[in-house]
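Novice: The structure is given below, and queries will be raised subsequently.
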Amino acid sequence: MNKLIDFVLKNRLLVLVLGIFVVAGGYFSYKELPIDAFPDVSPSLVQVFTQTEGLAPEEVEKYVTFPVEVAMNGLPNLKSIRSVSNFGLSVVNIYFEDETDIYFARQIVNERLTEAREQIPEGFGDPQMGPISTGMGLILFYYIEDETGKYTLEELRAIQDWIIKFQLQTVPGVTEVLGIGGWEKQFHTVVDPKALLRYDLSINEIVEIIKKNNLNVGASFIERDAEEFLVRSVGLATKIQDLENIVVKSVDGTPVYLREIAEIKIGGAVRRGIQTRNGIEEVIAGMVVKLYGSNSSTVISAVEEKMIEINKTLPEGINLVPYYEQKTLVESAVKTVTDALLQGIILVALILMVFMGSLRPSIVVALSIPFSIMVAFIGMHFLGLSVNLMSFGGLAIAIGMMVDASIVLVENVDRLKRKMDEPFMFIVSKASKEVLRPIIFAIIIIITVFIPLFTLQGVEGKTFKPLAFTIALAMLGSLIYAVFIAPVLSSLLLKKKKKKNNETKEEKEIWLVRALIKIYTPFVKFFVHNRFAAIIISVLLLLLGTWIYPKLGSEFTPTLQEGTLVVRLSMAPSISLEESKRITMLAEKRVMRVPEVRGAVTRIGRGEVGAHTDPINSAEMYILLKPEDEWREGLNQEGIEGKIRDEVEGMPGVLLNFTQPIRMTVDELLEGVRAELAVKLFGDDLEQLKSKADEISTLLQGIRGAADIQVDQVSGKPQLKITVDRHSIARYGLNLSDVQEVIQTAIGGETAGQIFEGIRRFDIFVRLAPKYRSNKDAISKLLISSPNGLQVPLSEVATIEEIEGPRQITRERNQRFITIQCNVLGRDIVSFVEESQAAIEANVDLPVGYYTVWGGQFRLQQEANKRFAIVIPITLLLIFFLLFTSFNSIKNSMLILLNIPLALVGGIIGLWLTNQNLSVPASVGFIALFGIALENGMVLVTYFNQLVKEGKSIDVASIEGAKLRLRPVLMTAVTTALGLIPLLIATGTGSEVQRPLATVVVGGLFTSTILTLLVLPALYKWFAIKVEDSEF
Amino acid sequence: MEKKNKFIFLFIGIVIGVVIALTSTYLFDIGIAGGSHKENHEMNESGHDHENEADVEDEHGEEPHGDEESINISDEVMKEFGIELQIAGGGNIAVHKDLTGEIVPNTYNVAHIVPRFAGIVKEVYQRIGDNIKKGDKIATIESNESLVTYDVISSIDGTILELHMTPGELIGDDKHIVMVANLNNVWAELSIYQQDLGKIKVGQNVEITSPHSETVFKGKLFYISPIVDEATRTAFARVKLNNTKGIWKPGMFISGSVLTNYKKVKIAVPVNAIQILDGERVIFINDNGGFRPQVVTLGLENNNLIEVIDGLHVGEEYVSKGAYTFKSEILKESFGGGHAH
């Protein structure tokens, strides 16, 4: 150890050069780091989407979801598979263990997808993986503004799909651009069933005929003389007339043209989502999805530049208008912490000046901050962490702690310098060697203390681990600085002063410190002489803490304010898209009544597959606010939110939810339920599941403590169920498929090839005219051609009934399930679970193969608690072990550990005074507090021991030691506390997460420092080492 | 002494350690466990309808549309949402059956003219499509047996639809060579599928339309075939159409809408006033300012109107347009959880 210091001091230049390398490395790492707003809490997830035109949930599940699920079973690192089968869309979410490499996961999913594809019947869709992105990947939304009003929704959508999308996708870092709204242009072949009857044709024949009359072929080449001629036959339809002139039939040489059977016109594709704006119009919108791991702000800037370029190429009057982007958020989040960081650095430097009384030592100490931060950047680069609110927040929190090690060292140099008259190099060396050991231990202990944070799982884990990592990294950096750089810099920078002030060495303490010592001395003397007073004070404080503690409210992680307001509207599941649009636009109109609102842009349902899977009864309204200076007097964002709430509240048939973009997306990706308790009932039959789930819910209602019981609503989507009667079709000589093909094509429509306009391609969509398929009566009249030339109406061969079917089918563990959610009030959740389980066992008769799984937040809590119950004692043991190694004394270690409860009290009081709740960040604060509180104790006890070893009596050692160590103890405490002040008072984006943490640390530091200074010297006597003990 | 002290310290140490361990573990419990409390709280806050609705559900869990439950929507909101009210009252409900068919000549106005004797056609005076009168000469034929010429004469007024002879042609006496039909009135022959046979009766009013013309003919069914065609499994009904203008041409494809039922009912409501709620048909009735779903028994219906037999009384106010909004309001509590996760 000592050799290390000697080596460092001997090779000062080398050390400095290496130090500069580290700083440079840190700087370049920083340049490379991706910048995000928040840590990405999305799970490791690969989504597989399959679009199947026109299929109901049951069929989607049977033909698509199931094969995909089965294929995914048994993948390495697989955590769970969850699927949702909706109308026309199957989504299989494949969750992997956290930390699984996303590209690896996608690769193995892709391998299995080929297997799944074979199992999915022809024409039922092709499963595709979602974009390589996460919940935070939706970085920019825009809509297309048409100032001229001349363009139809089809034309605008074509501009989106064939111009804008392609260009935006070329921007590096953009993985996908998803369009929504308007109508995808199609060539509609609207068939008249009566004409079919007249010419004795079936709709499926029409489809076949169109397919056969819309082809280009290549016929290789011919040789002529020395030349080759490529041969191609061109027959692709390019316009409506080409289609109209297709001959469908020829009777006695008289051709029957398609135009006599069908009307051919430009129309829109079937859509499951639209985008509306300001309650006045439908618009076309696009979502830019960022590639996983790319830098949000860079990508957004690039996209914005590209959009300006695209705007120039678009027709006059058409513009892209971004209405949501993450850059502002990223910038403001980073600004919040950067501001705090800079303010912290300034404050800490000021404090150093005040306590040190001169510039040079302050510089030596203050340089520790940039050095530690640079080390942290290097570490972040290697760990793949991004710059975000939490990781930078960790640095902001650690600012005060980064200087602690150097303070102790430099302070010691400074002190010895004044006391001793040796060559300066020797003083530096001696001073460094004296404190080296406690410094190393103190920092290792602080890092150790963060171990429990690394065991956090799920969202909290992903949120707070970056913070723990950066703190640990920065502490490591400060250790390196203290051990290597600080001695060198001290030897270089403090030297001269020493000579100049040779005469007045003992008097050199500046006035502030002298004054403080003056005030402090009587107190410490009093307590050392009246130890029981010290004990009483500590006990009183502890009691105060335990009294206040239950008064604190508790909450989860405080919600991060993203600065963008989203109102989520849920409507009845049976709603039609038109009605959904009408209601949404009414809501938009209401929101627009608030004067501060500039606009409202809403997405209803889903657009191009990849990001959203919402059904059409769900709408997300982004509210655009005017600039802040145009707001009414005294209104802030919350106030406006309230006004908006007032406006939209009370819309009949609409369920409202105020949320934020990122939060909303992430919530969707997370698995699991938000309620405390969730009973998942697994089984096969939807009816059975529903009725058994209802039974369970009724049963739970009767159990004491049950609240907010909710059973998943799985049904509610009206269906027109057509059941073909096999006897009837037999009489007409029909096959089942003859009937079903007609049903499919006539009602749902079928694509019969494409029309190319340059590279743009548009589907030819064959379907009956709306009036012949839009109600049950009309459908019952659909004619089916039988092989013997008969035209049979559908109602002759099938029964048609209106039923209520599932709105969607959710599956997990390869099985259907239904969730019963419930909260527990006023009793212990474990006993509640036991009682309910027994009650269900006794009263609900589950069919064979049906079983329940109990989960919910309580399960996560239990797991977290179990982990903590192991990890925290182990951590404490480790700390104890470290302390013991450092002091070689159980008693000393005990004494230092005593700081912890006293510090906790301060944290609790801090929260109470500032009216905050116990939350995850507050817990993180408590953890940080452990480390800091221990550090104080260590500094003192080390010195007491030293004095005792020097032969002083314990009482004298206590008082003298406390007096002499007042400066470093106060300095480390005050720097740490002041470093956090900017976080305490910050109001920017993300400050709400850091505040409880900072409050706890500052509060805890306050009590623990006072107590360290007063109680520790008093109690030292009982915990003092025997002089002979400490020899080693 | 020394040793004893050590044990005491060890003991104190363990106690402190345990206390610290417990408190810190407990703190974490709260930090995390407390989380969900707040979370739920928050959820309730942000969508506090949620909670209320859940309560509502509890209340009427057993009885889907309990009488005590009614929905209040202010007049303004009703206007905004386009909800309209009506007073229950009588109406006429006409039920139609749409059939397809074709125009055929009136069989009673068709003359198939067969030459009396086989022979050689000497002269043809008319062409296909000519309008002729009864007694007009159509052709002259020389009999093979007697070598006497005789005239083929039209037996009715009408149009020549078929004419199978040219001068010099040898004509037999076994099949008709001329078909004359009077197209001043024609028949529309409508195909009836088996399932509809019971509903279609002679004397019912019918409207005949052609896909490519605006003309609508109103008439009555005068005949329904007594048998069903073995090949097509359809029967047919006939309507006589006046065709003095010559619009209806035999072979033309037409549609007929047969009025199968017409009833003056005590209460008729728009079809969209009826909603399906929990598998039952309901109508929303004004009950002292609030609206409650009332299960109704329905009768006759067509595309626009539906007869209410039971559940709604004359003079009661009900939601005639926008009833779906009320249904959604009742279902509100259930669709919060319907989102894909």
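Novice: How much of the calculated P(r) for segment A:869-963 lies past 15 Å, in percent of all Cα pairs? Don't skip to the end; give the middle numbers.
Specialist: On the way: 2950 of 4465 pairs.
So the portion of pairs separated by more than 15 Å is 66 percent.
Novice: Taking other Cβ within 10 Å of each residue's Cβ, how do A:65, A:470, A:564, A:584 sort, fewest first? Spell out each step's value before the answer.
Specialist: On the way: A:65 30, A:470 27, A:564 20, A:584 24.
If I rank by nearby Cβ atoms, fewest first, I get A:564, A:584, A:470, A:65.
Novice: Please say if the protein assembly as shown is rounded, prolate or oblate, where rounded means a/c under 1.5 for a ≥ b ≥ c the square roots of the C-alpha gyration tensor eigenvalues, and otherwise the choice is prolate for a/b larger than b/c and oblate otherwise?
Specialist: Details: a/c = 3.42, a/b = 2.51, b/c = 1.36.
Prolate shape, in that a/c is at least 1.5 and a/b is the bigger ratio.
Novice: If you find the alpha carbon centre of segment A:156-209 and of segment A:237-299, how far apart are they in angstrom?
Specialist: Cα centres, segment A:156-209 to segment A:237-299: 3 Å.
Novice: Taking H as built 1.01 Å from N, whose amide H comes closer than 5 Å to the amide H of residue A:782, not counting residues under 5 places away?
Specialist: The answer is A:794, A:795.
Novice: Moving on. Which order do the peptides A:351-364, A:692-705 take when ranked by the mean count of other beta-carbon atoms within 10 Å per residue, highest first? Walk me through the intermediate numbers first.
Specialist: On the way: A:351-364: 20.2, A:692-705: 17.6.
Result, highest mean Cβ count within 10 Å first: A:351-364, A:692-705.
Novice: Roughly how crowded by other chains is peptide A:885-895, in terms of the mean Cβ count from those chains within 10 Å of each of its Cβ atoms? Don't jump to the answer; show the numbers that get you there.
Specialist: Numbers: counts 0, 0, 0, 0, 1, 5, 6, 0, 2, 8, 3.
Per-residue shielding by partner chains comes out at 2.
Novice: Can you compute the charge dipole magnitude of the protein assembly as shown about its Cα centre, using +1 on each Lys and Arg Cβ and -1 on each Asp and Glu Cβ, nothing else charged? Give it in debye, rounded to the nearest 20.
Specialist: Details: 132 positive and 164 negative charges, 1344 e Å.
The dipole magnitude comes to about 6460 debye.
Novice: Now, a different point. Taking amide H atoms as placed 1.01 Å from N in the peptide plane, list the residues 5 or more away in sequence, or in a different chain, whose amide H sits under 5 Å from that of residue A:135.
Specialist: Those lying under 5 Å, H to H, from residue A:135 are A:42.
Novice: If you don't mind, another one. On C-alpha positions alone, give me the angle between the axis of helix A:991-1023 and the longest principal axis of chain A, in degrees, nearest 10.
Specialist: 30 degrees
Novice: Going Cα to Cα from residue A:3, which lysines come in below 25 Å? Please leave out same-chain ones fewer than 8 positions away.
Specialist: List returned: A:417, A:419, A:430, A:433, A:495, A:498, A:949.
Novice: While we're on this one: Only loop residues by DSSP count here, and only those with at most 16 other Cβ atoms within 10 Å; note down the trypsin sites (Lys or Arg not before Pro) in segment B:89-158 that meet that. List each step's numbers first, then the result.
Specialist: On the way: sites: B:97, B:116, B:122, B:127, B:133, B:134, B:137; in loops: B:116, B:127, B:133, B:134.
Loop-located and lightly packed - B:116, B:127, B:133, B:134.
Novice: Sorted from fewest to most neighbouring beta carbons within 10 Å, what does the list A:929, B:161, A:385 look like? List each step's numbers first, then the result.
Specialist: Details: A:929 28, B:161 17, A:385 24.
Ranking A:929, B:161, A:385 by Cβ neighbours within 10 Å, fewest first, gives B:161, A:385, A:929.
Novice: Once the Cβ-Cβ distance between residue A:544 and residue A:70 is put in as r, and R0 is 56 Å, what FRET efficiency do you end up with, to the nearest 0.05? Write down the numbers at each step before the final one.
Specialist: On the way: r = 61 Å, r/R0 = 1.08.
It comes to 0.40.
Novice: Follow-up. For residue A:626, go through the lysines and keep the ones whose alpha-carbon is under 23 Å away, minus same-chain ones fewer than eight residues off.
Specialist: Straight-line reach from residue A:626, under 23 Å: A:327, A:335, A:589, A:643.
Novice: Highest mean first, how do B:187-193, B:249-255 rank when packing is the count of other Cβ atoms within 10 Å averaged over residues? Write out the running numbers ahead of the final one.
Specialist: Details: B:187-193: 23.1, B:249-255: 15.7.
By packing density, highest mean first, the sequence is B:187-193, B:249-255.
Novice: For segment A:789-817 and segment A:872-937, write down the distance between their C-alpha centroids in whole Å.
Specialist: About 63 Å separates the Cα centre of segment A:789-817 from the one of segment A:872-937.
Novice: Which value in deg cm²/dmol, rounded to the nearest 500, describes the helix-derived mean residue ellipticity at 222 nm for the protein assembly as shown, given -39,500 (n - 2.57) per DSSP H run of n ≥ 4 and division by the residue count? Before the final figure, lay out the partial values.
Specialist: On the way: 44 runs with 610 residues, N = 1373.
After summing the helix terms and dividing by residue count, I get -14500 deg cm²/dmol.
Novice: Right, next: Which residues in segment B:236-253 have a backbone N closer than 20 Å to a point placed 7 Å from the Cα of residue B:184 along the Cα-to-Cβ line?
Specialist: The answer is B:239-250.
Novice: For segment A:34-48, take each phi angle, set θ = phi - 60°, evaluate the Karplus expression 6.51 cos²θ - 1.76 cosθ + 1.60, and give the result in whole Hz per residue in order, putting x for glycine and proline.
Specialist: For segment A:34-48, the Karplus curve yields x, 10, 10, 6, 10, x, 7, 9, 4, x, 6, 9, 10, 9, 10 Hz.
Novice: Within 10 Å of each Cβ in A:653-661, how many Cβ atoms from other chains are there, averaged over the peptide? Walk me through the intermediate numbers first.
Specialist: Values: counts 14, 7, 13, 5, 7, 3, 2, 0, 0.
The per-residue average across the peptide is 6.
Novice: Relative to the longest principal axis of the C-alpha atoms of chain A, give the angle of the C-alpha long axis of helix A:458-480, reported between 0 and 90° and rounded to the nearest 10°.
Specialist: Helix A:458-480 sits at roughly 40 degrees to that axis.
Novice: List, in order, the whole-Hz ³J(HN,Hα) value for each residue of segment A:606-619 obtained from phi through the Karplus relation with A = 6.51, B = -1.76, C = 1.60 and θ = phi - 60°; use x for Gly and Pro.
Specialist: Running phi through 6.51 cos²θ - 1.76 cosθ + 1.60 with θ = phi - 60° gives 10, x, 4, 5, x, 10, 10, 10, 5, x, 6, 8, 10, 10 Hz.
Novice: Here is a further query. By count of other Cβ within 10 Å, fewest leading, how are A:950, B:207 ordered?
Specialist: Fewest to most other Cβ atoms nearby, the residues stand as A:950, B:207.
Novice: Ok, one more. Cα axis of helix A:637-648 to longest principal axis of chain A: angle in degrees, 0 to 90, nearest 10?
Specialist: The helix A:637-648 is inclined about 30 degrees to chain A.
Novice: Per residue of A:568-574, what is the mean number of Cβ atoms on other protein chains within 10 angstrom of that residue's Cβ? Please list the in-between numbers first.
Specialist: Details: counts 4, 0, 9, 7, 11, 5, 7.
That average works out to 6.
Novice: Over segment A:104-244, how many percent of alpha carbon pairs lie in each 10 Å bin up to the one with the longest distance?
Specialist: Going out from 0 Å in 10 Å bins, segment A:104-244 shows 8, 18, 24, 28, 17, 4, 0 percent.
Novice: Continuing with this model, one more query. List the lysines whose alpha-carbon lies under 22 Å from that of residue A:265, not counting same-chain residues fewer than 8 positions away?
Specialist: Leaving aside lysines fewer than 8 places away in the same chain, those within reach of residue A:265 are A:150, A:185, A:194, A:211, A:212, A:239, A:249, A:771.
Novice: Applying a 10 Å radius around every beta-carbon, put A:876-882, A:545-551 in order of their mean neighbour count, most first. Don't skip to the answer; put the middle values down first.
Specialist: On the way: A:876-882: 18.0, A:545-551: 13.4.
Those peptides, ordered most packed to least, come out A:876-882, A:545-551.
Novice: Assign one of three labels to segment A:687-811, namely rounded, prolate or oblate, based on the Cα gyration tensor with a ≥ b ≥ c the square roots of its eigenvalues; rounded applies when a/c is under 1.5, prolate when it is not and a/b is larger than b/c, and oblate otherwise.
Specialist: Working: a/c = 3.50, a/b = 1.75, b/c = 2.00.
Judged from the Cα gyration tensor, segment A:687-811 comes out oblate (a/c at least 1.5, b/c at or above a/b).
Novice: Taking the simple approach of a point 7 Å from Cα along Cα-to-Cβ for both residue A:799 and residue B:233, what is their distance in nm?
Specialist: 1.7 nm
Novice: Provide the three semi-axes, in whole Å and in decreasing order, of the ellipsoid equivalent to segment A:1-143 as defined by the square roots of 5 times the Cα gyration tensor eigenvalues. Let's see the in-between values first.
Specialist: On the way: eigenvalues 514, 64, 25 Å².
Here the semi-axes work out to 51, 18, 11 Å.
Bear in mind these aren't lab numbers, they're just calculated from the coordinates by the rules spelled out. This structure is a prediction, so every number in the text was calculated from the model and none was measured. Quick reminder, even Gly has a Cβ in these numbers, built from the backbone with ideal geometry, and neighbours come from all protein chains shown.
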